[in-house]
Amino acid sequence: MTDSLEGTKPQYDVVVIGSGLGGLTAANMLAKDGYSVLLLEHHHKLGGLATWFKRKGGHIFDVSLHGFPYGMVKTCRKYWTREMADCITQIKGIRFDNPQFSLTTTYDTNDFKRTMQDYFKVPADTVDSFVTTIKNMNFYDEHTMTTREMFDKFFPGRDDVVRFLLEPIAYANGSTLDDEAITYGIVFSNFLSRGVYIFRGGTDKIIGMMEAELKKNGVDIRTGARVEKIVVEGGKVAGVVANGKTIKARAVISNANVKATVQRLVGEEHFSKEFAEETRKVRLNNSSCQVYIGIRKGETIDYVGDLLFTSVADKLDAQMLRSRNITSRTYSFYYPDIRPGSDRYAIVASTNANYEDWAYLPEDEYRASKQDLIESTLDALERYVPGIRNKADYVEAATPKTFERYTLHPNGTSFGTKFEGLRVSMGLNEQVPGLFHTGSVGIIMSGWLGAANYGVIVANNADKYLRP
Amino acid sequence: MTKEEIKTVILDIIAEIAPDEDLSDIKSDVPFRDQLELDSMDFLDIVMELRKRYGIEVPEDDYQQLATLDSSVAYLEPRMKDL
């Protein structure tokens with residue numbers, strides 16, 4: 001991989017803009033189909049939000065590794081390699097601690113049913129019928145019910161049950177009660193089938209394996225290559241301009257944010273008025289704050305679970321989840337066995353966050369707020385890891401501004417757009433032939449599994465367009 | 001293709017998508033997803049493979065026609081008879 005566009009060919013069948021899991025997977029599928037593919041990434045590393053970073057003292061932090069559904073095993077096997085699939089292992093300690101309940105589950109179907117019946121005293125037939133309902137949902141179904149309405153139907157008056165059901169998905173994908181029920185149901189049932197999984201070896205390993213596979217399949221990969229424009233000629237996609245250089249392509253798959261694709265990269269003038277208007281109406285999902293806590297070499301922490309959903313709020317409230325007055329935090333605990341051969345521990349605390357709360361602060365206030373986020377996180381963590389301030393020797397915080405800088409996503413959105421973004425994403429090729437988008441739209445196509453799978457769906461559509 | 005051949009085509013595709021599943025005693029009138037661990041992406045793979053291998057486009061509105069082996073064969077037979 002080089003950091004420039006030196007030596008690129010004048011023309012490719014497909015240019016993929018962005019190397020999130022959707023972009024990577026789409027590039028791989030099309031390269032395997034025999035197309036010439038150029039993959040452009042503005043950052044110096046591949047992966048998008050599937051990323052990691054190293055810090056002095058031997059620390060390594062995974063940004064979004066914590067917990068995907070079993071489907072990722074099948075996705076790696078089907079669209080990548082068996083070797084990748086074999087690195088995926090289950091994490092068994094999914095723990096909740098809040099004023100309404102405190103429990104640990106593996107979050108697979110049997111344990112879920114047992115918890116719902118024994119702990120929450122929900123009748124078995126209600127649980128069964130809820131599970132059956134969500135397992136039969138498809139992303140192409142008509143969507144008329146909100147998640148709130150679905151919960152009201154099965155669990156009226158049970159805001160504790162709703163919290164148990166929604167909180168993990170709210171953190172995984174920014175899901176709220178007001179979103180379409182299928183966007184919740186499909187993701188939840190994906191998890192429920194067999195529980196929660198992680199990639200043994202870390203994010204650096206899976207992205208490294210993907211890079212090797214892409215190269216093997218002939219993909220031309222360029223990092224430090226920022227696309228300024230998607231070129232449209234005669235109403236069709238003709239290529240891209242990246243780092244000031246024009247490169248021709250028969251098709252372009254944008255793994256940038258879908259709104260940014262239409263408005264910044266292509267330009268609204270190339271779309272119908274109605275479509276441009278529909279795109280403007282697509283709501284962005286929220287962003288996140290994270291605090292990365294590195295444990296000093298030689299120190300250990302006791303096993304307290306792999307994923308810990310904590311809150312001091314009396315009830316679950318999506319607005320509150322994103323407020324700067326943080327009451328809810330999710331901790332991902334990374335024990336040494338995540339990276340075989342390592343003896344290091346790391347903890348990543350995540351909260352959903354609003355861009356507006358961080359974007360416009362004066363520099364000194366922004367720094368102070370970040371420090372405040374770090375201090376309050378360590379205080380809150382003390383309850384679960386006594387002596388954390390002595391055990392940790394590196395701490396750093398990320399805000400919506402940080403996510404914006406590294407991903408170029410508008411408002412630093414960490415979960416793409418709401419569900420209506422899917423229609424826009426899928427409709428691009430009808431507006432501008434040869435134009436495609438893959439990336440987080442509408443929760444279902446979000447997260448590691450959703451993003452990779454959406455890359456496959458879009459590669460299939462691009463193949464349909466490119467095939468003579 | 002004959003009905004039998006179409007049946008083989010579908011089972012071949014499923015065997016490739018879900019290599020861990022035992023397809024030997026699949027019930028042809030019961031939805032795949034009630035007897036196999038197929039999620040919505042596996043199902044889409046069937047649709048995508050039909051296009052790649054045989055050029056058959058199954059529009060979203062018709063996805064439910066592929067719920068069982070019997071209904072799939074009935075749906076695909078007129079579309080695959082000249083292949």
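Out of A:Ile221, A:Ile207, I need the residue that is in contact with an Asp or Glu (Cβ under 9 Å, 6 or more places away or on another chain), hydrophobic (A, V, I, L, M, F, W, C) and more than 14 Å from chain B (Cβ to nearest Cβ). Which one?
Answer to the selection: A:Ile221.
Condition first: within 22 Å of A:Arg405 (Cβ to Cβ) and more than 28 Å from the chain's Cα centre (by Cα). Now tell me which residues in the range A:232-247 satisfy that.
A:Gly244
Do we find that A:Asp86 is within 14 Å of chain B (Cβ to nearest Cβ), closer than 25 Å to A:Leu449 by Cα and free of Cβ contacts under 8 Å to residues at least 60 places away in the same chain in this structure?
Against the criterion (within 14 Å of chain B (Cβ to nearest Cβ), closer than 25 Å to A:Leu449 by Cα and free of Cβ contacts under 8 Å to residues at least 60 places away in the same chain), A:Asp86 qualifies.
Conditions (1) farther than 21 Å from A:Gly48 by Cα; (2) in a loop (DSSP other than H, G, I, E, B); (3) modelled with pLDDT under 95; (4) within 12 Å of chain B (Cβ to nearest Cβ), marked per residue:
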residue	(1), (2), (3), (4)
A:Glu430	yes, no, no, no
A:Pro433	yes, yes, no, no
A:Phe436	no, no, no, no
A:Met445	no, yes, yes, yes
A:Gly450	no, no, yes, yes
A:Ile457	no, no, no, yes
A:Asn461	yes, no, no, yes
A:Lys464	yes, no, no, yes
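Among the residues of the range B:26-39, is any more than 13 Å from chain A (Cβ to nearest Cβ) and among the aliphatic types (A, V, I, L, M)?
Checked against the condition, which is being more than 13 Å from chain A (Cβ to nearest Cβ) and among the aliphatic types (A, V, I, L, M), the range B:26-39 yields at least one hit.
Considering each of A:Thr176, A:Thr132, A:Thr183 in turn, give the residue that is without any contact (Cβ under 8 Å) to a residue 60 or more places away in the chain and polar (S, T, N, Q).
Sole residue among the options that is without any contact (Cβ under 8 Å) to a residue 60 or more places away in the chain and polar (S, T, N, Q): A:Thr132.
Can you say whether B:Lys7 is under 26 Å from A:Lys464 (Cα atoms), loosely packed, with under 13 Cβ neighbours inside 10 Å and touching a residue at least 60 places away in the same chain (Cβ under 8 Å), as far as the supplied structure shows?
Judged against the criteria, B:Lys7 is not a match.
Has the range A:45-56 got any residue that is more than 22 Å from A:Ser254 (Cα to Cα) and not charged (D, E, K, R)?
yes
This table checks each residue for (1) polar (S, T, N, Q); (2) within 25 Å of A:Thr133 (Cα to Cα).
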position: B:Thr2; (1), (2): yes, no
position: B:Lys27; (1), (2): no, yes
position: B:Phe43; (1), (2): no, yes
position: B:Asp61; (1), (2): no, yes
position: B:Met80; (1), (2): no, no
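I'd like to verify a number: residues in the range A:53-74 that are buried (at least 19 other Cβ atoms within 10 Å of the Cβ) and either more than 14 Å from chain B (Cβ to nearest Cβ) or closer than 30 Å to A:Ala242 by Cβ (or both), how many?
Residues flagged as buried (at least 19 other Cβ atoms within 10 Å of the Cβ) and either more than 14 Å from chain B (Cβ to nearest Cβ) or closer than 30 Å to A:Ala242 by Cβ (or both) within the range A:53-74 amount to 9.
Quick test of your reading of the structure: A:Arg77 fulfils all but one of (1) within 13 Å of chain B (Cβ to nearest Cβ); (2) part of a loop (DSSP other than H, G, I, E, B); (3) without any contact (Cβ under 8 Å) to a residue 24 or more places away in the chain. Name the failing condition by number.
(2)
What is the number of the single condition among (1) assigned to a loop (DSSP other than H, G, I, E, B); (2) more than 30 Å from A:Asp86 (Cβ to Cβ); (3) within 14 Å of chain A (Cβ to nearest Cβ) that B:Gln64 does not meet?
The single condition B:Gln64 does not satisfy is (1).
Output the residues belonging to the range A:310-332 that are at pLDDT 85 or above and within 18 Å of the chain's Cα centre (by Cα).
A:Arg329, A:Thr330, A:Tyr331, A:Ser332
If I go through the range A:267-287 residue by residue, how many of them are buried (at least 24 other Cβ atoms within 10 Å of the Cβ) and not in a loop (DSSP other than H, G, I, E, B)?
Residues that pass the stated criteria total 2.
Scan the range A:411-433 and tell me whether some residue there is under 30 Å from A:Leu373 (Cβ atoms), in contact (Cβ under 8 Å) with a residue 12 or more places away in the chain and of a type in the set (Lys, Arg).
Among the residues of the range A:411-433, at least one is under 30 Å from A:Leu373 (Cβ atoms), in contact (Cβ under 8 Å) with a residue 12 or more places away in the chain and of a type in the set (Lys, Arg), which makes the answer yes.
When you go through (1) more than 23 Å from A:Asn354 (Cα to Cα); (2) in contact (Cβ under 8 Å) with a residue 60 or more places away in the chain one by one for A:Arg163, which number turns out not to apply?
Failed condition: (1).
Could you tell me how many of the residues in the range A:127-170 are more than 14 Å from every other protein chain (Cβ to nearest Cβ), within 22 Å of the chain's Cα centre (by Cα) and of a type in the set (Phe, Trp, Tyr)?
1
Which residue out of A:Gly208, A:Gly239 is modelled with pLDDT of 95 or more and assigned to a strand (DSSP E or B)?
When all the criteria are applied, what remains is A:Gly239.
Just to be sure I understand, how many residues within the range A:346-395 are assigned to a strand (DSSP E or B), free of Cβ contacts under 8 Å to residues at least 60 places away in the same chain and closer than 18 Å to A:Asn411 by Cβ?
0
Which of the residues that make up the range B:40-57 are among the β-branched types (Val, Ile, Thr) and within 11 Å of chain A (Cβ to nearest Cβ)?
Hit for the range B:40-57 is B:Val47, nothing else.
Scan (1) at pLDDT 90 or above; (2) under 20 Å from the mean Cα position of the chain (by Cα); (3) not in a helix (DSSP H, G or I) for the single condition A:Asn411 breaks and write down its number.
Among (1) at pLDDT 90 or above; (2) under 20 Å from the mean Cα position of the chain (by Cα); (3) not in a helix (DSSP H, G or I), A:Asn411 violates only (3).
Here is a list of conditions, (1) in contact (Cβ under 8 Å) with a residue 12 or more places away in the chain; (2) surrounded by fewer than 15 Cβ atoms within 10 Å (Cβ to Cβ); (3) farther than 21 Å from A:Asp33 by Cβ, and B:Asp25 meets all of them except one; can you say which number that is?
Only one criterion in (1) in contact (Cβ under 8 Å) with a residue 12 or more places away in the chain; (2) surrounded by fewer than 15 Cβ atoms within 10 Å (Cβ to Cβ); (3) farther than 21 Å from A:Asp33 by Cβ is unmet by B:Asp25, namely (1).
Only one of A:Ser350, A:Ser369 is closer than 29 Å to A:Arg163 by Cα, in contact with a Ser or Thr (Cβ under 7 Å, 6 or more places away or on another chain) and of a type in the set (Ser, Thr, Tyr). Can you tell me which?
Of the residues listed, the single one that is closer than 29 Å to A:Arg163 by Cα, in contact with a Ser or Thr (Cβ under 7 Å, 6 or more places away or on another chain) and of a type in the set (Ser, Thr, Tyr) is A:Ser350.
When you scan the range A:215-231, do you find a residue that is in a strand (DSSP E or B), more than 21 Å from the chain's Cα centre (by Cα), surrounded by 15 or more Cβ atoms within 10 Å (Cβ to Cβ) and of a type in the set (S, T, N, Q), even just one?
Among the residues of the range A:215-231, not one is in a strand (DSSP E or B), more than 21 Å from the chain's Cα centre (by Cα), surrounded by 15 or more Cβ atoms within 10 Å (Cβ to Cβ) and of a type in the set (S, T, N, Q), which makes the answer no.
Only one residue in A:Asn429, A:Asn411 is polar (S, T, N, Q) and under 23 Å from B:Glu49 (Cα atoms). Which one?
After applying the criteria, what remains is A:Asn429.
The values are calculated or read from the model by the stated rules, or taken from the named source; none is laboratory data. What you see is a predicted model, and the numbers here were worked out from it, not measured in a lab. As a convention, Cβ positions derive from the backbone with ideal geometry for all residues, glycine included, and neighbour counts pool all protein chains shown.
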